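Just so it is clear, none of the values below were taken in a lab; they were calculated from the coordinates. All values derive from a computational prediction rather than experimental measurement. Ideal geometry is used to build each Cβ from the backbone, glycine not excepted, and the neighbour counts take in all protein chains shown.
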Amino acid sequence: MAELSEPLENYLKEIYELEESKGVAKVVDLIEIFSISPGTISKALDRLESLGFIDRSSRRIKLTEDGKKLAVRLIRAHRLSERLLTDVLGLDWIRAHELAHRLEHIWPEDVLDKIDQITGRPKTCPHGHPIPGREGVKGTPLSNAKEGDYVVLMIIREVEWILRSAETIGLMPGVKISVLENQGDLVKIKISNKEFTIPRALAEQVMVS
Ligand SMILES: [Zn+2]
Ligand SMILES: [Zn+2]
């Protein structure tokens, strides 16, 4: 399999994650996520296509089998790196995510297997995203949840303000919460007997079940 530059690997990974979360990856999503120009992304996609990692039809991008294989390897490396950084080294989940972006490109397969072992073969990264090959997580965004009791499964986008706001009120994977009110721009929730009102933009990024 051809060696890719880091930005190209990142696009591939993002395409995989968009397929995973939205069912389809579009050029406009990549432009928004990476804040790059249409010209830059189109050049990158041409390169990925000529290497046989993606297929393109109209505005939709699809990973080929080779593309999927590489994306899965990178995502596994990213999520296991995060586990190593939080569980073993004690870093917070914002820094762990940032550092994992670099580490995901360097681990050989046998070292990754060691990380998997030492972190107890985790099912998910610290933010709740499944390690490829292990069971997926199914839930609903908190923003769509009716009044009732839930467990937090995942923080969908690992963006600093989202992770920071979630952590501040203890809204983290595995935590039990109740939705008290869900109308308009705000969602009222209860976490271990404390009530919080959170913006809808944050609730959209929290998967519960
Ligand atoms: Zn991450
Ligand atoms: Zn993560």
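Taking the chain as the reference, fit the longest principal axis to its C-alpha atoms, fit the long axis of helix 93-103 to the helix C-alpha atoms, and give the angle between the two in degrees, 0 to 90, nearest 10.
Long axis of 93-103 versus the principal axis of the chain: about 10 degrees.
Counting residues in segment 6-63 as N, plug N into 2.2 N^0.38 Å and put the Cα Rg over that result.
Relative to the 2.2 N^0.38 Å estimate, segment 6-63 comes out at 0.98.
So how long is each side of segment 140-208 along the principal axes, counting just the alpha-carbon atoms, biggest first, in Å?
Extents along the principal axes: 27, 24, 19 Å.
Would you mind giving the three semi-axes, in whole Å and largest first, of the ellipsoid equivalent to the chain according to its Cα gyration tensor?
In descending order, the three semi-axes are 31, 22, 14 Å.
Give, in nm to one decimal, the length gained when the segment between residue 137 and residue 5 is fully stretched (0.36 nm per residue of separation minus the Cα-Cα distance).
Here the segment from residue 137 to residue 5 would lengthen by 44.5 nm.
With contacts defined as alpha carbon pairs under 8 Å and 6 or more residues apart, what's the relative contact order of the chain in percent?
Rounded, it is 15 percent for the chain.
How far is helix 65-83 tilted off the main Cα axis of the chain, in degrees rounded to 10, range 0 to 90?
40
Neighbour counts of other C-beta atoms within 10 Å: give me 95, 102 arranged from fewest to most.
Least to most surrounded, the residues fall as 102, 95.
In the structure displayed, which of 62/114; 68/188; 26/114; 43/138; 69/114; 13/43 lie more than 28 Å apart, Cα to Cα?
Beyond 28 Å: 62/114; 68/188; 26/114; 43/138.
Using the alpha-carbon atoms, what tilt in degrees (0 to 90, nearest 10) does helix 38-50 show relative to the longest principal axis of the chain?
Its long axis makes an angle of about 60 degrees.
In deg cm²/dmol and to the nearest 500, what is the mean residue ellipticity at 222 nm of the chain if only DSSP H runs of at least 4 residues count, each as -39500 (n - 2.57), divided by the residue total?
The per-residue figure over the chain is -13500 deg cm²/dmol.
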